[in-house]
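The structure appears right after this line, and notes come after that.
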Amino acid sequence: MTPRALFGTVALLATAAVLFLAPSASPSTMPCRGVLGPVAVANVVVPGHASCQMNGTQVSGHVTVETGGVLRAGINTAVAGDVVVSRHATFSISKASIAGDVGCRRCDWLGIFETDVGGSVHAIGAGEAVFVEISSVVGDLEVVGGAAGAPITITRGSVFGDLFLSHNGGSLEMTRQEVGGDARIVDNVSPVGFSLQQNIIGRDLLFSRNSGPSALNSNNIGQSLDCFENDPSPTGSGNVATELTGQCEGLG
């Protein structure tokens with residue numbers, strides 16, 4: 001789980017470099033161009049700048065989307081290992097399952113919809129957008145260093161571990177989301193702003209050093225809601241926590 005103390009950006013990117021090394025290819029790795037149906041395979045690789053659609057495919061190992069590739073995985077697709085999404089690549093999965101981690105390092109677009117993730121989700125330096133909607137993540141959810149104007153949408157799902165959003169340049173919509181551990185939303189910049197509505201946070205919510213309008217309404221926090229050095233100060237009401245401090249002191 002993410003430590004309670006905030007990590008520096010350099011440390012996060014160094015960790016990401018280790019996390020996102022693609023699994024090595026093997027004779028049982030299947031390249032995917034076009035459509036891959038309800039078959040059982042060991043590993044799948046989408047070659048650079050190729051496009052792949054997986055429909056009900058059962059992958060016993062890992063999935064890798066190489067630079068500039070596009071992978072869309074549909075209903076009943078199951079991946080027993082990790083999904084690695086490379087630079088400028090696109091990955092979208094819906095109504096499916098991933099037993100391992102999802103890693104996006106400088107990918108363009110990451111979308112996880114109505115999908116169960118057994119590990120963690122790490123999006124480092126996403127170029128266009130990150131969506132995690134109506135999905136469960138057993139581990140942590142980290143979105144760090146997203147490009148200017150790249151929106152982040154996290155709604156109607158659950159993260160059993162910690163949530164960490166930092167140094168992103170796009171707007172944030174987080175609505176009716178459950179987080180089992182801590183939520184840290186720090187050092188983000190967006191002229192559009194940040195919306196946190198009707199979320200349930202198991203431990204602390206830290207909202208700090210964000211630049212852009214922000215609205216926090218009707219969030220239920222198990223421990224403290226702490227807001228410091230945001231410009232402008234957050235607005236909102238109806239937030240419940242054992243303690244509301246700083247700029248959020250009056251947002252109960």
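No value in this document is a laboratory result; all are computed from the given coordinates. Given the structure is predicted, the values throughout are model-derived calculations rather than measurements. Heads up, the Cβs are rebuilt from the backbone with ideal geometry, glycines too, and the neighbour counts pull from every protein chain shown.
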> Are any residues in region 56-93 within 17 Å of the chain's Cα centre (by Cα), free of Cβ contacts under 8 Å to residues at least 40 places away in the same chain and in a loop (DSSP other than H, G, I, E, B), and if so, which ones?
Replying inline: Arg87, His88
> What tally of residues in region 114-126 results from selecting those that are crowded, with 19+ Cβ neighbours inside 10 Å, of a type in the set (Gly, Ala, Ser) and part of a loop (DSSP other than H, G, I, E, B)?
Replying inline: 4
> Mind checking which pairs have a first residue in region 138-154 that is over 12 Å from Glu128 (Cα atoms) and a second that is part of a loop (DSSP other than H, G, I, E, B) and of a type in the set (Ser, Thr, Tyr), Cβ under 6 Å, 6 or more apart or different chains?
Replying inline: Gly139/Ser120; Asp140/Thr2; Asp140/Ser120
>> closer than 24 Å to Gly157 by Cα and buried (at least 19 other Cβ atoms within 10 Å of the Cβ): which single residue out of Thr77, Thr64 fits that description?
In response: Thr77
> When residues of region 119-135 are filtered for being within 11 Å of the chain's Cα centre (by Cα) and farther than 24 Å from Gly149 by Cα, how many remain?
Replying inline: 1
> Inside region 207-238, can you point out the residues that are in contact with a Leu (Cβ under 9 Å, 6 or more places away or on another chain) and either aromatic (Phe, Trp, Tyr) or buried (at least 21 other Cβ atoms within 10 Å of the Cβ) (or both)?
Replying inline: Phe207, Asn210, Ser214, Leu216, Asn219, Ile221, Leu225, Cys227, Phe228, Pro234
> Name the residues in region 164-179 that are in contact (Cβ under 8 Å) with a residue 60 or more places away in the chain and of a type outside the set (Phe, Trp, Tyr), would you?
Replying inline: Ser166, His167
> For region 27-55, what are the residues that are touching a Ser or Thr at 6+ places or on another chain (Cβ under 8 Å) and part of a strand (DSSP E or B)?
Replying inline: Gly34, Leu36, Ala40, Val41, Asn43, Val44, Val45, Val46, Met54
> So which residues in region 94-113 are under 14 Å from Val138 (Cα atoms) and over 12 Å from the mean Cα position of the chain (by Cα), if there are any at all?
Replying inline: Ser97, Ile98, Ala99, Gly100
> Within region 185-206, which residues are surrounded by fewer than 23 Cβ atoms within 10 Å (Cβ to Cβ), within 17 Å of the chain's Cα centre (by Cα) and not hydrophobic (A, V, I, L, M, F, W, C)?
Replying inline: Asp187, Ser195
